[in-house]
1. Which pairs have Cβ atoms under 9 Å, sit 6 or more apart or on different chains, and link a residue in the stretch 206-231 that is in a helix (DSSP H, G or I) to one that is surrounded by 14 or more Cβ atoms within 10 Å (Cβ to Cβ) and among the aromatic types (Phe, Trp, Tyr)?
2. Taking Ser170 as the residue in question, decide whether it is in contact with a helix residue (DSSP H, G or I) (Cβ under 8 Å, 6 or more places away or on another chain), crowded, with 21+ Cβ neighbours inside 10 Å, over 29 Å from Leu40 (Cα atoms) and free of Cβ contacts under 8 Å to residues at least 40 places away in the same chain.
3. Which residue out of Ala90, Ala73, Ala99 is open to solvent by 30 Å² or more (accessible area, probe 1.4 Å), at pLDDT 90 or above and within 30 Å of Ala41 (Cα to Cα)?
4. Being under 16 Å from Ala26 (Cα atoms) and touching a helix residue (DSSP H, G or I) at 6+ places or on another chain (Cβ under 9 Å) is the filter here, so list the residues in the stretch 89-106 that pass it.
5. State which residue is surrounded by the fewest Cβ atoms within 10 Å (Cβ to Cβ) when the search covers only the stretch 140-154 and only residues that are in contact (Cβ under 8 Å) with a residue 40 or more places away in the chain and under 11 Å from Ser115 (Cα atoms).
6. Looking at Thr80 and the list (1) under 20 Å from Tyr169 (Cα atoms); (2) β-branched (Val, Ile, Thr); (3) modelled with pLDDT under 95; (4) surrounded by fewer than 21 Cβ atoms within 10 Å (Cβ to Cβ), which single condition is not satisfied?
7. Can you name every residue in the stretch 232-253 that is small (Gly, Ala, Ser) and either open to solvent by 60 Å² or more (accessible area, probe 1.4 Å) or in contact (Cβ under 8 Å) with a residue 60 or more places away in the chain (or both)?
8. Could you tell me which of the residues Tyr258, Tyr281 is open to solvent by 50 Å² or more (accessible area, probe 1.4 Å), touching a helix residue (DSSP H, G or I) at 6+ places or on another chain (Cβ under 9 Å) and aromatic (Phe, Trp, Tyr)?
Amino acid sequence: FFLASVQGPSGGRGDGGRLTIGGLAAAGALETGYLTATKLAGSAPAFCTNAGACKAVLEGPWSSVGGVPLSAAGLALYGTLCLAALAPLAARGRVSDDALRHMDVLSTVVLQLGSTAAAVFSAFLMLLLATTLHAPCVLCILSAAISTCLFAVTWNANIVPDRTAAVAYSASCAVLTSGFALGVYLLASGAPQMAGASVEESLPFRPPAIETSSSPEALRLSQRLGAQQARMFGAYWCSHCLDQKEAIGKEAMSHLPYVECAKDGADSQFPLCRQLDVPGYPTWEIGGGGFPRQK
């Protein structure tokens, strides 16, 4: 069934579809590669119209699994799809017909499964973006659009000519991808409990406790900031917020107001953060003079 469902080698049939898929996958790889780099660097994407929203998504609890950024997984998937689409075209005339036939068979199945996985997982991310994160991340929406186009082109180009087989591949992959997406959601949602927090502490979610003690310099800084009515805007899941709190220390931070911007965070002031258009986390407001970025 596996071999009979795919024709090979195409000898020119479907080349346009493969080239389109390769181009879309290459664009997706560039974007997810950029998102991965900004995630690892802890910076906001330069090409996002709402950098704070994009940074909130990139630093959120659903941005990585087991320490691996989801954008890195997207990069791997897009790269695989690009290779699967273009490799058989580049191999013509360079390998035997038998080798080319096996390459064509393998690549068609990879394209059908991979494009389905990309589209289904992107749909999950868009649902999460709209219902939980409430952040208009333009680059994330662009990635979802690329994934949807990949699936549409793969399906319309009849990459797997046997429609019954194509449906079977896509349906089985959709079920597995949905299960994986649900697992990611549950894993991220249960992170505070797995870290040892009690149910009362984790619902709503609270920022991790500050462990470091304040230096004399940090205490003097907190006094100066307090005199200027400074306050810190952050989110319980923001790793850079915790890094900055640890650098200042628990004694100094106890004198400085902290505003929780995550909607599901303890003592959340999400409406205030939205009203003030807080650009990202952490952000300090000093003397009511706008939002200088992290220092």
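1. Leu225/Trp284
2. So Ser170 fails the test.
3. Ala73
4. Residue satisfying the conditions is Leu89 alone.
5. Cys149
6. With (1) under 20 Å from Tyr169 (Cα atoms); (2) β-branched (Val, Ile, Thr); (3) modelled with pLDDT under 95; (4) surrounded by fewer than 21 Cβ atoms within 10 Å (Cβ to Cβ) applied to Thr80, the lone miss is (3).
7. Ala235, Ser239, Ala247
8. Residue meeting the stated conditions: Tyr258.
The values are calculated or read from the model by the stated rules, or taken from the named source; none is laboratory data. Source: prediction; values computed, not measured. When we count neighbours, we look across all protein chains shown, and the Cβ atoms used for this are built from the backbone with ideal geometry, even at glycine. With ligands, DNA and RNA removed, areas are computed over all heavy atoms of the protein, side chains included. Shrake-Rupley method; radii C 1.70, N 1.55, O 1.52, S 1.80 Å.
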